[in-house]
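Notes for the one structure printed next.
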Amino acid sequence: LFNKFRKGGGQNAVVSMDTLIRNSVVRKPLLYNDTGKKKFIFCYDPARNFDGSILAIFQIINDKDVGYKLQIENVVSMVDMSTKNKTPLPMPQQLDIIKDLMIRYNGERSAEWENIEFYIDAGSGGGGISAVADQLMDEWSDNLGQKHRGVIDSEHKQYETARKKYTNAMPIIHLIDPQGYKKVIYDALGKMMNLNLIEFTSYDNKDYLSVENQGKFDTFNLNDDEKMALLQIELMKNEASYMCRYDNPNGGVQYELAKDKKNTMHDDRAYTLALGAYALALLRRVDLLNTPKQNLDPTSLVKFRQPKLRSL
């Protein structure tokens, strides 16, 4: 039947293929904030000359049973299709795309930028600080001439002086050092996925989706942007399935692609997924700390002995 079965990274995989399939559903990707009230996390791994330059966009879901979880909505590859080796776009063009997506996902009739948190890889090779974060601090105007507030990482040591100058910039940027945080974010990915707290889409490369609804199937046609988002999410899942954890003899831990994929596959989409998992872990931790402890009487414990069974 010409099926291509993917085995993933085997026993060393951070996320198993079974887990990715279990957490994938057939649905349309959300390409803008359709209510103006939804919240999103942007995770960006910038690049200019090598690797991929990827922006992943997650919707934050506050589930009544499990608390905060993420739903992947879009993965944008900043690739210059006119180049022979499909290298990333020039940074000014990447920034234009990012600003447009910020407007779309923040939503109309919403204060800037109340619906977005923005995580950026701060590695020197991708220019996360100099080429991206530095350029986003200033106010800017969109194609219609409407002005927008800049954004800043108000806690990063690099911006100790800048935050006093750019007082109108919104503190939604979180610069993440890949050297210091790589283990942390991939640990978070393994944990969040095992808890079924990140939901993906499922796509079979057709021009439409067939979604089950009360025993029947509804058909939804896809536009080009929706198809591209779904394809990119499938690539993200594939990359994630080949990310492995290797224990070093000295007691350390190393995360990298499976040895047979290191020279044939990128890991940038998987890295933005791990950034999203890290952001989710922080969000759940803050929520846990801010939730008031309740005094339970013995009779109330009955409901905890009969947990609900949920399927994602």
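The values are calculated or read from the model by the stated rules, or taken from the named source; none is laboratory data. A quick note: this is a predicted structure, and the numbers were derived from the prediction, not measured. Here the Cβ positions follow ideal geometry from the backbone for every residue, glycine too, while neighbour counts run over all protein chains shown. When the accessible area is computed, the model is the full protein with side chains, heavy atoms only, and any ligands, DNA or RNA have been set aside. Shrake-Rupley method; radii C 1.70, N 1.55, O 1.52, S 1.80 Å.
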Of the conditions (1) outside any helix (DSSP H, G or I); (2) surrounded by fewer than 19 Cβ atoms within 10 Å (Cβ to Cβ), the single one that Asp96 does not satisfy is (1)
Is there a residue in the range 281-292 that is open to solvent by less than 90 Å² (accessible area, probe 1.4 Å) and modelled with pLDDT under 85?
-> yes
Selection over the range 103-147 where residues are of a type in the set (Ser, Thr, Tyr) and within 17 Å of Tyr166 (Cβ to Cβ) yields a count of 2
Just checking, which of Leu144, Leu101 is part of a loop (DSSP other than H, G, I, E, B), at pLDDT 90 or above and of a type in the set (A, V, I, L, M, F, W, C)?
-> Leu144
Taking Ser110 as meeting all but one of (1) among the hydroxyl-bearing types (Ser, Thr, Tyr); (2) open to solvent by less than 40 Å² (accessible area, probe 1.4 Å); (3) under 15 Å from the mean Cα position of the chain (by Cα), write down the number of the exception.
-> (3)
Leading residue by the ranking (farthest from Met228 (Cα to Cα)) among those in the range 68-88 that are open to solvent by 20 Å² or more (accessible area, probe 1.4 Å) and in contact (Cβ under 8 Å) with a residue 24 or more places away in the chain | Tyr68
Can you find even one residue in the range 166-180 that is open to solvent by 90 Å² or more (accessible area, probe 1.4 Å) and modelled with pLDDT of 90 or more?
-> yes
Just give me the residues in the range 150-165 being open to solvent by 70 Å² or more (accessible area, probe 1.4 Å) and over 21 Å from Cys43 (Cβ atoms), in sequence order.
-> Lys157, Glu160, Thr161, Arg163, Lys164, Lys165
Residues (in contact (Cβ under 8 Å) with a residue 12 or more places away in the chain, part of a loop (DSSP other than H, G, I, E, B) and either charged (D, E, K, R) or closer than 11 Å to Tyr278 by Cα (or both)) located in the range 165-205 | Asp177
Subset of the range 256-280, residues within 22 Å of Cys43 (Cβ to Cβ), of a type in the set (Lys, Arg) and surrounded by fewer than 20 Cβ atoms within 10 Å (Cβ to Cβ), comes to Lys261
Any residue in the range 246-255 that is modelled with pLDDT under 95 and either surrounded by 17 or more Cβ atoms within 10 Å (Cβ to Cβ) or in a helix (DSSP H, G or I) (or both)?
-> yes
